[in-house]
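Worksheet for the structure shown next.
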Amino acid sequence: MNMIKKYVLVIFAFATCGMHGQEIDSVQQRQEKMQWFKDAKLGVFIHWGLYSVNGIDESWSFYNGYISHPNYLKQTNGFTAKKYDPKAWVELIKESGAKYSVITSKHHDGFALWNTKFGTLNATMGSAAKQDVLTPFVKELRKNKLKVGIYFSLPDWSYNDYTHFTRDSIRYKVSAEPKRWEKYLTYYQGQLKELSDNYNPDLYWFDGDWEHNSEEWQAPKVKQMLLDRNPKTILNSRLREHGDYATPEQGMPITRPTNKYWELCMTMNDSWGYQKNDHNYKTTDQVIGIFADVIGNGGNLLLDIGPRGDGSIPEEQVEVLKGLGRWTNKHKEAIYGTIAGIPKEHFYGPSTLSKDQTILYLFVKGNPNGEVVIRGLKNKINRIYVVGEGTKLSHQIVGKIYWSHYPGIAYVKVPDYVLDKNMTVLAVMLDGKVDLYREDGSVIESN
Ligand code: GLC
């Protein structure tokens, strides 16, 4: 055993000594529990609710005073779900390459998609649909082996015993009416218990925690209740940080997040729910580009769709999901089950690595004009091929000097005919675990 190895072992022994057995267990258990999420890479978010009827901001439209609360609630008459086809929804989600879906069981407006016993503002009792629209969707997801995520808003602005109502009117303060707040706790926790009993979700996607602190929400108790039912269930971080993973929203992280687990949630246009007047769609090309950036940095993309009040999915959204599906299907080996790629200095674009780090996947945007450049790769390259297409590519190493361990620059020749119409992916097979040159340049002392 050499000195360095010994040293590392001693440090490891010290580090684990300080950790209790239980902690090690829980780190391991967490890793196991998070594995499917880490491997999944793509999820489809669904915002469906009353707001889909008029095509206005989800819940916020009345909270911000753009429409009165009574008029907002009139949308219950238009929520028909007449064209709702959960089977077709799930087929489309599957086709996109998503491995899970997260649906708004209840947004901040309090309208529940399932047949809750708590209150009447729900699809069965309080809408033209007159049916539970959540259950058939969850069933279809399960049938297709997709993971089930339930979005649940902690606030319920329509509920009379909830504190907040609109931007300028608060019903009461918790400190002034603690008994009333308890009523709300019973109500919201009762609904959550229903969701966990009925659906046993793989993931809970909380939202709206900013209105109360952890103690007021009784966040630890809620977490415990859900974990008692299913210790493997995943919680997002919006339960006052009592969750498992971070949820950056809309803004694609520019530098690599330090969080081990994270998921970017993003709309296709500028709205979460269906808005007839919003045509500012991202192109399929852009969505794929953002997706590659996300997975290249070790995250997941939760891409949102907003079906109409009748349950149909807008054509533009179908088109993006199908376009994404063509691409994810062709390049699946570079996507699912991979880990974050190499630092940008080595390759000016997104990249991922196989779990054992012996295959480097390079995501090449547009036409690289014949050559793709990899800098400072110490490994020997065994083979390079075009993912989903198969062509073997040749490369040339430039600037490698025999007496220095500076590995030089690899130029990979990429003929035009192998290019993908959205984004080409190259697999670079290495002679071992990826090994990168990260030193300052060496000085030439003699020639
Ligand atoms: C925000 C909004 C909400 C939306 C959510 C999705 O927190 O309050 O309307 O559903 O983001 O991430």
Quick shape check on the stretch 105-180: root eigenvalues a ≥ b ≥ c of the Cα gyration tensor, a/c under 1.5 is rounded, otherwise prolate if a/b tops b/c, else oblate, and it reads prolate
Of all DSSP beta bridges having both residues in the chain, the percent classed as antiparallel (nearest 5) is 50 percent
Expressed in square angstrom to the nearest 10, the accessible area of His331 with a 1.4 Å probe stands at 0 Å²
Across Ala427, Ala334, Ala410, the residue with the highest GNM fluctuation in the chain (Cα network, 10 Å cutoff) is Ala410
If each K or R counts +1 and each D or E counts -1, the residues other than Tyr162 whose Cβ falls under 15 Å of its Cβ total -2
Reported to the nearest 10 Å², Arg142 has, with a 1.4 Å probe, an accessible area equal to 90 Å²
Reduced to Cα centres, the span from the stretch 135-179 to the stretch 353-401 in Å works out to 48 Å
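Which net charge results for the neighbourhood of Ser153, defined as the other residues with beta-carbon distances under 11 angstrom from its beta-carbon, given Lys and Arg at +1 and Asp and Glu at -1?
After counting each charged neighbour, the total is -4.
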For the stretch 339-430, one quarter of the surface area of the C-alpha convex hull, expressed in nm², comes to 5.9 nm²
In Å, the Kirkwood hydrodynamic radius from C-alpha pairs for the chain sits at 24.3 Å
Taking 0.36 nm per residue of separation between Arg229 and Asn277 and subtracting their Cα-Cα distance, the length gained on full extension comes to 13.1 nm
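Taking a probe of 1.4 Å, how large is the accessible area per residue of the stretch 75-233, in Å²?
Averaged over the residues of the stretch 75-233, the accessible area is 43 Å².
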Taking every other residue with Cβ under 14 Å from the Cβ of Thr391 and scoring Lys and Arg +1, Asp and Glu -1, one gets +1
One finds, for Asp431 and Thr255 with R0 = 22 angstrom and r their Cβ-Cβ distance, a FRET efficiency to the nearest 0.05 of 0.15
Expressed in angstrom, Rg and Dmax over the Cα atoms of the stretch 144-276 are 16.2, 49
Expected field for Arg180, accessible surface area in Å² at 1.4 Å probe radius, rounded to 10, holds 50 Å²
Per GNM of the chain with C-alpha springs under 10 angstrom, the most fluctuating residue out of Lys87, Lys41, Lys260 is Lys260
For Asp39, placing the label point 7 angstrom along Cα-to-beta-carbon and taking the stretch 83-109, residues whose amide nitrogen sits under 17 Å are 97-101
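The values are calculated or read from the model by the stated rules, or taken from the named source; none is laboratory data. Everything numeric in this text was worked out from a predicted model, so none of it was measured. For neighbour counting, all protein chains shown are included, and Cβ atoms are generated from backbone atoms with ideal geometry for every residue, glycine included. Protein only, heavy atoms only, side chains kept; ligands, DNA and RNA dropped before computing areas. Shrake-Rupley method; radii C 1.70, N 1.55, O 1.52, S 1.80 Å.
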